[in-house]
1. For region 250-269, indicate whether the set of residues that are within 30 Å of Leu47 (Cβ to Cβ), touching a Ser or Thr at 6+ places or on another chain (Cβ under 6 Å), modelled with pLDDT of 95 or more and not charged (D, E, K, R) is non-empty.
2. Has region 154-162 got any residue that is within 30 Å of Asp55 (Cβ to Cβ) and without any contact (Cβ under 8 Å) to a residue 40 or more places away in the chain?
3. Collect the residues in region 24-65 that are surrounded by 18 or more Cβ atoms within 10 Å (Cβ to Cβ), in a helix (DSSP H, G or I), among the hydrophobic types (A, V, I, L, M, F, W, C) and at pLDDT below 95, keeping them in residue-number order.
4. How many residues are of a type in the set (Asp, Glu) and outside any helix (DSSP H, G or I) if we restrict to region 249-299?
5. Pick from region 172-212 the residues that are part of a loop (DSSP other than H, G, I, E, B) and touching a Phe, Trp or Tyr at 6+ places or on another chain (Cβ under 7 Å): which of them is farthest from Asp227 (Cα to Cα)?
6. Which of the residues that make up region 154-173 are touching a helix residue (DSSP H, G or I) at 6+ places or on another chain (Cβ under 9 Å) and either at pLDDT 95 or above or buried (at least 20 other Cβ atoms within 10 Å of the Cβ) (or both)?
7. So which of Thr253, Thr273 ends up being of a type in the set (S, T, N, Q) and within 15 Å of Leu225 (Cα to Cα)?
8. Return the pair list, or none, for Cβ contacts closer than 9 Å from residues in region 288-314 that are of a type in the set (Val, Ile, Thr) to residues that are at pLDDT 95 or above and not in a helix (DSSP H, G or I), at least 6 apart or on different chains.
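The values are calculated or read from the model by the stated rules, or taken from the named source; none is laboratory data. Owing to the predicted nature of the structure, the values given are computational and were not obtained by experimental measurement. Please note: Cβ atoms are built from the backbone with ideal geometry, for glycine as well, and neighbour counts cover all protein chains shown.
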Amino acid sequence: MALPAPSAPLPKAELHLHIEGTLEPELAFSLAARNGVPLPYADTGELRRAYDFADLQSFLDLYYDLMAVLRTAEDFTDLAEAYLERAARQGVRHAEIFFDPQAHTARGVPFGAVVEGLGRALDRAEERHGISTRLIMCFLRDLPAESALATLEEAKPHLDRITGIGLDSAEVGHPPAKFAEVYAAAAELGLRRVAHAGEEGPPEYVREALDVLGVERIDHGLRALEDPELVERLVRERVPLTLCPLSNVRLRTVGTLADHPLRRMMDAGLLVTVNSDDPAYFGGYVGDNYHAVAGALGLDAGQLRELARNSFLAAFLDHDEERRARYLAEVDAHPDPAA
């Protein structure tokens, strides 16, 4: 195997990425013009200045409002293509991408247009960008559980494109158990299961996601550290946590990157990964997150390599172990994990 050039970024997988959260202001204005959607911002600079969030809810308000520019399958293709291009430049070799169908069907956008539009970009991602992909359909937890069940039913004709399900949006007051029925139905369909838990919600939400929903990965999971028994369980069962450091700072879950518990979580033996969440809104894509935590937390080359290896170990590549092994070998062969 040829060694990568010293300037090549560390190979990595991204496992916590909301495709709607990759909508950069420039693309938002372009799609708004194409679709005749008025935006309440004079220009991209004014829109970027709106990305100053007090908490998760203030982010979600803008996040859902800006989705109004996404109307057609072509829009979703352009959105995914723009992400893949950026991700490839930052060393992403495998991406498991969240999408929020309820946020689109509620606006009159057909479910099929969303999935087919994303699929056009994902189908050619390996050829164009060297990135393998999976698509994970998320349910909005602040909507009724019945809406999630209806969405799963609507997804059935498209399950050849969908690998798993997730749970996102406003966490507090919406415990995982609310979605027990739809997760059980998804398991019967053979879908993989993940869920946001322990970002703003308590450690109990993490435990509930594991025990009631049967999830295989926890998205975020920061507050698990408040419960030593839960930490021991996560370590023992090797449950991956998909952390998003720049997101945590922007949403004020942690004060500064220097305060981020990533290093403590690694020291505790947790299988943690680094991801970008909603990079257009939070100041950086996954490679930017790696660089940021390396500097703020003093991570050495071995720790950065561990994070990259974890990302492939936690990926849904169970039916493609040869690919997983190849990606891990690329990490091990990389001469400069800080790149």
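1. First pass over region 250-269, keeping only residues within 30 Å of Leu47 (Cβ to Cβ): 250-260, 262.
Among the residues that remain, those that are also touching a Ser or Thr at 6+ places or on another chain (Cβ under 6 Å) are: none.
Checked against the condition, which is being within 30 Å of Leu47 (Cβ to Cβ), touching a Ser or Thr at 6+ places or on another chain (Cβ under 6 Å), modelled with pLDDT of 95 or more and not charged (D, E, K, R), region 250-269 yields no hits at all.
2. Within region 154-162, the subset within 30 Å of Asp55 (Cβ to Cβ) is none.
No: region 154-162 contains no residue that is within 30 Å of Asp55 (Cβ to Cβ) and without any contact (Cβ under 8 Å) to a residue 40 or more places away in the chain.
3. Leu47, Leu56, Phe59, Leu60
4. Residues that pass the stated criteria total 2.
5. In the first step, residues of region 172-212 are kept if they are part of a loop (DSSP other than H, G, I, E, B); the result is 172-175, 189-191, 198-202, 212.
Retained after the next criterion (residues that are touching a Phe, Trp or Tyr at 6+ places or on another chain (Cβ under 7 Å)): 175, 198.
Details: Pro175: 17, Gly198: 11 Å.
The residue in question is Pro175.
6. Glu154, Ala155, Pro157, His158, Arg161, Ile162, Gly164, Ile165, Leu167, Ser169, Glu171
7. Values: Thr273 fails: within 15 Å of Leu225 (Cα to Cα).
Only one candidate passes the filter, namely Thr253.
8. Matching pairs, first to second residue: Val293/Leu243; Val293/His260; Val293/Val274; Val293/Leu299.
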